[in-house]
Every structure is written in structure tokens, then in C-alpha cells.
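Visitor: One structure coming up, written as C-alpha cells, with questions to follow.
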Amino acid sequence: MRIVHLTSSRFYGGPERQMIGLARHLPPSCRTFFLSFSEGGRCGEFLKHVRWNGFEGEALRHDTPNLPAAGWELLRRLHRLEADVLLCHGYKANLLGRIAARSLGIPVVAVARGWTGEDWKVRLYEALDRIQLRYMDRIVCVSHSQAKRVKRAGVPPAKIIVIPNAVSLETRDQNDPEGREQLASLVEHPVEWLVVSAGRLSREKGFAVLIEAARRVINQLPGARFIIFGEGVQRPALERQIAQAALSHVVALPGHRSDWSRLLPHADLFVLPSFTEGLPNVILEAHRAAVPVVATAVGGTPEVIRDGVTGRLVPPNDPDALAERIVELLRNESLRRKMGEAGQAEVKAHHCFSTQARRYERLFEDLLAGRSREAA
């Protein structure tokens, strides 16, 4: 069975980790290939990781605005790869992937991780994407919350399947003293508590709210420091906000770092202040690292955080509530340890890649069996 992933990768982030993690855990009978729109050459980082993991990955030569040429190129690539199933990630992949796969009689699956509504252009693309989903063979939703949104978009329920995101269970040395020192070196000293967040620096991730909450936190806990990993269009606005609030010694924006997940186990707390989410990979990574989480109760986040057990949930866009929960956990080391251990047990039980891969394998088998029945 030949599985092809089609995406538009601009950096190596959560969705990319999900694709490679799935490929690594499928049985040898499933061969996986990766295709990405070039995105001005930015797909190179993802394809580098694809090859490091022993898979074939290629960039399409044609891209926006020449979508007809990209569609023809994609059709030829799928034919050459003798693809059995095409998995599409994102609105551009959904649009061109559906047309190419239909032309070749290949089952096509869209993976719905969520819609951000980041700006007017993205909102337009996402509106078109909702229409495209109705014509896919299956839509894999990463959370039950996202499945409800897809259903409201007019997709028949019989086409929707929920397969949550997963995380690698490979262990990391959480007792390495250098890890704590390296994380603390990103902010000004003295440091008593380290609070970490991560994600694309864009409005829907809510980092402006976290910075406002940080101002409230240090009024009570002056030794708290905040580190927000990631890059994005909102960096200049966040830097201005930090400077205007005189928080340059409190909040650090170290950018996108490939080693951030190695440093994560040495944080005291992980915070995700998003306005919208599908099912956030970063929370699964925090759980794996046994780091307790404070997050907004949006999208699929409540499906991976049990309030009061593995972390704390707060309303979105509420810096007072966010600060209150951060202070509560920073002041209580035993509660942080208990929540971190509970979160780690949760991902081991419900969010490992081997479980995810088995569900995808059954999906592929069902699709190919259906194609065989149609051919007969």
C-alpha cells in the first residue's frame, strides 16, 4: 500500500511532526511518500526531516499563482508514485489533491486540524476549504470539537472520522541540570520559576494575552520568567507590547528553536493562551514531559486537559483568569508534580503514535476495499 502526504510546509512544526510520526509507526506494508508545495523554498526544512527519517520527499516545482501547472504536476507525480491513498493537509492541498486524485481514481483523505481565521485572505481560503471537504472520501478530524465544526460545514457525518494527534513516547532526560540552565539562560536572572509557551506568533495564539497576564503574575511572584518559542507576523507587535509594559527582563521571544522540546521538561509550567485550536500538539508534548499546563478552553484543548487533574482550563482572552491559575500552580510545587505525572500517564494511554497508526491503517484498508468493490 502506497500512502502519499500532500502539504504546504513553511517550517517544521506540529503538523509536520504528526505526518512523520504516523509514517514511522505504520507497518512495513504501508510505504509513505511526501509531497509539498514549495512555498518559496521554505518547505526544505520539512523535507530535510522527511529524509532524515528514511522517507522520500519532494517539492513540487509549480506553486501559487500557477495552480493549473501545479495540479498537472501533482497528477503526474501521483501516477509515477503509483499512489493508493492521498492524504491532504491544508486548503491548497485539499483543492488540488482532490482534483488530481479523482482523475486517477485514488481515494483522497483530508486531515482537518482546525481553522485559524488569521486574516481576511486566510478566512477566504478557509471558507473555500469548507466546501472542498464535502467532496473528499474521508475527513480525519484531530478532535471531536473539530469534527463538529466540519459537520456544520456541510460534510456528511459518514465521511468524518476522529483520530486524535499523537506524540512520540521516546524518553528524555528530565534530570539533566544543563537543560534547566540552558532554558534559564534565555531570560534575565534571577529566575525562580520558568513558564514556557510555544506556537506561531499570530493573533489567534493569544500571546498578547499571555504577556498581559505575565505583568499581573510578577506583581505577586517577581521571580517568574516567561519564554515564548516561535516565529510569526505578530513578533513586532509583541516586542512593542513587552517594551511598553517594561517586561523585557521578564518575557523572552527566542524565536523558533528546534531544541525547544528538549528544553521543555525543565520548565515549571506550560501555558497555551489560544483563541482557537484543533488539538494542540504542544500540550501533548508538555504532558509527555510531565509539565503541568494552563490553557484556554477552546477547540479540542478540553479533550486533552482534565481541569484540576492534568492542568487548568481558563476562558480565552482573559488575562486575569490566566494569571490567577499561573500563580496558583507556581506557588504549589506538589500540585504541579501531581498534574505533570497525570498528564504523562494520559498521553501514554491515549495519544501514542502506535495507536494512531492502527486507526489510520484501518481507514486505508476500508477505502481500498471500497474502491475494489466499486471496480467490481
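The values are calculated or read from the model by the stated rules, or taken from the named source; none is laboratory data. This structure is a prediction, so every number in the text was calculated from the model and none was measured. Neighbour counts run over all protein chains shown; Cβ positions are idealised from the backbone, glycine included.
Visitor: Filter region 290-348 for residues that are among the acidic types (Asp, Glu) and within 24 Å of the chain's Cα centre (by Cα); which is farthest from Thr276 (Cα to Cα)?
Guide: Among them, the one singled out is Glu341.
Visitor: Going through Val314, Val291, Val271, Val233 one at a time, which residue ends up being outside the structural domain of His49 (by TED's automatic domain parsing), aliphatic (A, V, I, L, M), buried (at least 22 other Cβ atoms within 10 Å of the Cβ) and over 12 Å from Leu210 (Cβ atoms)?
Guide: Val291
Visitor: Being over 26 Å from the mean Cα position of the chain (by Cα) and outside any helix (DSSP H, G or I) is the filter here; which residues of region 85-109 pass it?
Guide: Answer for region 85-109, where residues must be over 26 Å from the mean Cα position of the chain (by Cα) and outside any helix (DSSP H, G or I): Gly105, Ile106.
Visitor: Given Glu285, Glu277, which one is surrounded by fewer than 23 Cβ atoms within 10 Å (Cβ to Cβ) and charged (D, E, K, R)?
Guide: That would be Glu285, the only listed residue that is surrounded by fewer than 23 Cβ atoms within 10 Å (Cβ to Cβ) and charged (D, E, K, R).
Visitor: Residues that are farther than 16 Å from Pro319 by Cβ, at least 3 per element: which helices (runs of 4 or more DSSP H) completely within region 206-264 meet that?
Guide: Passing ranges, in order: 235-244, 260-263.
Visitor: While we're looking at this one, here's another question. I'd like to check something: does region 24-34 contain any residue that is in contact (Cβ under 8 Å) with a residue 24 or more places away in the chain, of a type in the set (S, T, N, Q), under 21 Å from Asp129 (Cβ atoms) and surrounded by 15 or more Cβ atoms within 10 Å (Cβ to Cβ)?
Guide: So the first thing to find is which residues in region 24-34 are in contact (Cβ under 8 Å) with a residue 24 or more places away in the chain, and the list is 24-27, 29-34.
Retained after the next criterion (residues that are of a type in the set (S, T, N, Q)): 29, 32.
After this cut, where a residue has to be under 21 Å from Asp129 (Cβ atoms) as well, the list is none.
The answer is no, given that none of the residues of region 24-34 is in contact (Cβ under 8 Å) with a residue 24 or more places away in the chain, of a type in the set (S, T, N, Q), under 21 Å from Asp129 (Cβ atoms) and surrounded by 15 or more Cβ atoms within 10 Å (Cβ to Cβ).
Visitor: Exactly one of these conditions fails for Leu272: (1) hydrophobic (A, V, I, L, M, F, W, C); (2) within 19 Å of Ile227 (Cβ to Cβ); (3) without any contact (Cβ under 8 Å) to a residue 12 or more places away in the chain. Give me its number.
Guide: Here Leu272 clears every test but (3).
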